[in-house]
Amino acid sequence: MLRTIQLEEFSNEIALEMGLKVIEEARSTGKKIAVSVDRLNHNIFKFVSENLPADKHDWLRRKANVAIRFEESSLAVKNDLESGGMSLKKTFGLESNDYIAKGGSIPIKVRNAGLVAVITVSGLSDVEDHDLIVSALRDYI
């Protein structure tokens, strides 16, 4: 399972390309999704397909918070928590209104710089959200 995306460089243009590739991949399979690409201090790209619930923005934010906090994909964190009998609240004191351990967010790191951004998808099952990112960004991975 992919835990991080490691790049040589990252820019707002790369973020735009990544977001558009995810949308293109989702559309090619008829899936409705929300996608966000965020630097650590601001949003670069956000799109929500028509007819998705208004709370998708919140799902994106909460998944991204997990990927940023642990510097691993939110799906990897979910799996690690489950296999270790842990929870975000009891083990780490993280509130569910700000953090959710569901797949669909992957941190973006730049070699020799560390964590710089996160890409997040919501709208499908958490494994499908994760896999959509991996499939759409195979050229970056």
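With respect to R27, is the statement that it is in a helix (DSSP H, G or I), surrounded by fewer than 18 Cβ atoms within 10 Å (Cβ to Cβ), in contact (Cβ under 8 Å) with a residue 12 or more places away in the chain and of a type in the set (K, R) true? So R27 does not fit the description; no. Applying the set (1) farther than 24 Å from Q6 by Cβ; (2) out of contact with any Lys or Arg (no Cβ under 7 Å at 6 or more places or on another chain) to L75 leaves exactly one unmet item: (1). Scanning the range 26-71 for residues that are of a type in the set (A, V, I, L, M) and either touching a Cys at 6+ places or on another chain (Cβ under 8 Å) or modelled with pLDDT of 95 or more (or both) turns up A26, I33, A34, V35, V37, I44, V48, L60, A64, V66, A67, I68. Of the residues in the range 69-80, how many are crowded, with 18+ Cβ neighbours inside 10 Å and either free of Cβ contacts under 8 Å to residues at least 12 places away in the same chain or hydrophobic (A, V, I, L, M, F, W, C) (or both)? Residues meeting the conditions: 4. Filter the range 82-124 down to the residues that are assigned to a loop (DSSP other than H, G, I, E, B) and charged (D, E, K, R), then identify the one that is farthest from V22 (Cα to Cα). Top of the filtered list is E95.
The values are calculated or read from the model by the stated rules, or taken from the named source; none is laboratory data. Please read all numbers here as calculations on a predicted model, not as lab measurements. For neighbour counting, all protein chains shown are included, and Cβ atoms are generated from backbone atoms with ideal geometry for every residue, glycine included.
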